[in-house]
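Participant: Structure incoming, see below.
The values are calculated or read from the model by the stated rules, or taken from the named source; none is laboratory data. Small disclaimer: the values here were computed from a predicted structure and weren't measured. As a convention, Cβ positions derive from the backbone with ideal geometry for all residues, glycine included, and neighbour counts pool all protein chains shown.
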Ligand code: HH2
């Protein structure tokens, strides 16, 4: 899954693809590099990010969704808002990636059910503005697993077929470095819920910290290492900014594990 951020303030590529033409060109490049899915987002979820109105979010993402769906890519819309998701589905999106797992806008679940599209439900502690303020868990993996099981039950109760739900532990969303590492180390316990697991470690700050203070642009080695670990633990979808190197790394790792 390749990331297309149509935002001025995303943590690693904010402002680079705010113009629709730049975002479309970037998405086409990621498809050429072997992305199976493009995850298009118009609102940053980085710690402390300011919320964006539905109108502004729609304005940013719709032309990009329409062009990239027409270009043949499977398009995922990264939003927490039903209004934005509805417009994106009309424009060709077939997956809704909701980092709030239907908590911020409960109407999103019914919309996904009616549209018959897939969804990715992610764990986050609270909301982006405050999630990194001293995050605490009894046991991070048990807590995240219980949350995802409850959100899966909610989605199914709202009419979304369980087969169309993917789950994501939400690396970096209200987690310390140690929490992120524990989730990756024990990712098989999330996989055992029985739904495909999405993992997003790409360029995140814990990778910089572990490598002695590396900025976003120098976190590819950590991104590769963590995605290979996630593959070994049973993850199915890898949400990344740098598709070509991850495609190669995961192909080699997958071939090694399958022998
Ligand atoms: N991470 C980000 C955004 N959306 N969705 C899922 N399912 N899993 C993730 O780990 C995830 C996500 C944050 O990365 P990015 O989109 O690059 O940054 P920003 O939120 O600042 O736009």
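Participant: Please pick out the residue among 203, 151 that is over 21 Å from residue 101 (Cβ atoms), buried (at least 16 other Cβ atoms within 10 Å of the Cβ) and within 15 Å of the ligand (Cβ to nearest atom). Walk me through how you get there before you give the answer.
Facilitator: Details: 151 fails: over 21 Å from residue 101 (Cβ atoms).
Going through 203, 151 in turn, the sole match is 203.
Participant: Here are 191, 177, 229: which of them is within 16 Å of the ligand (Cβ to nearest atom), in contact with a strand residue (DSSP E or B) (Cβ under 7 Å, 6 or more places away or on another chain) and modelled with pLDDT of 95 or more? Can you show your working first?
Facilitator: On the way: 177 fails: in contact with a strand residue (DSSP E or B) (Cβ under 7 Å, 6 or more places away or on another chain); 229 fails: in contact with a strand residue (DSSP E or B) (Cβ under 7 Å, 6 or more places away or on another chain).
Of the residues listed, the single one that is within 16 Å of the ligand (Cβ to nearest atom), in contact with a strand residue (DSSP E or B) (Cβ under 7 Å, 6 or more places away or on another chain) and modelled with pLDDT of 95 or more is 191.
Participant: Moving to a separate point now. Residues 15, 92, 72: which one is within 22 Å of residue 115 (Cβ to Cβ), at pLDDT below 95 and either touching a helix residue (DSSP H, G or I) at 6+ places or on another chain (Cβ under 7 Å) or more than 10 Å from the ligand (Cβ to nearest atom) (or both)?
Facilitator: Numbers: 15 fails: within 22 Å of residue 115 (Cβ to Cβ); 92 fails: at pLDDT below 95.
None of the other options fit; the residue is 72.
Participant: Kindly check whether there is at least one residue in the stretch 21-34 that is more than 14 Å from the ligand (Cβ to nearest atom), in contact with a strand residue (DSSP E or B) (Cβ under 8 Å, 6 or more places away or on another chain) and on the phi < 0 side of the Ramachandran plot. Break it down stepwise before answering.
Facilitator: Taking the stretch 21-34 first, the residues more than 14 Å from the ligand (Cβ to nearest atom) are 21-22, 24-25, 28-29, 31-34.
Of the ones still in play, those that are also in contact with a strand residue (DSSP E or B) (Cβ under 8 Å, 6 or more places away or on another chain) are 31, 33.
Still in the running and on the phi < 0 side of the Ramachandran plot: 31, 33.
Yes, that holds for at least one residue.
Participant: For the stretch 165-190, name all the residues that are closer than 25 Å to residue 117 by Cα and surrounded by fewer than 18 Cβ atoms within 10 Å (Cβ to Cβ).
Facilitator: none
Participant: Would you say residue 234 is within 21 Å of residue 197 (Cβ to Cβ) and part of a loop (DSSP other than H, G, I, E, B)?
Facilitator: Yes: the conditions hold for residue 234.
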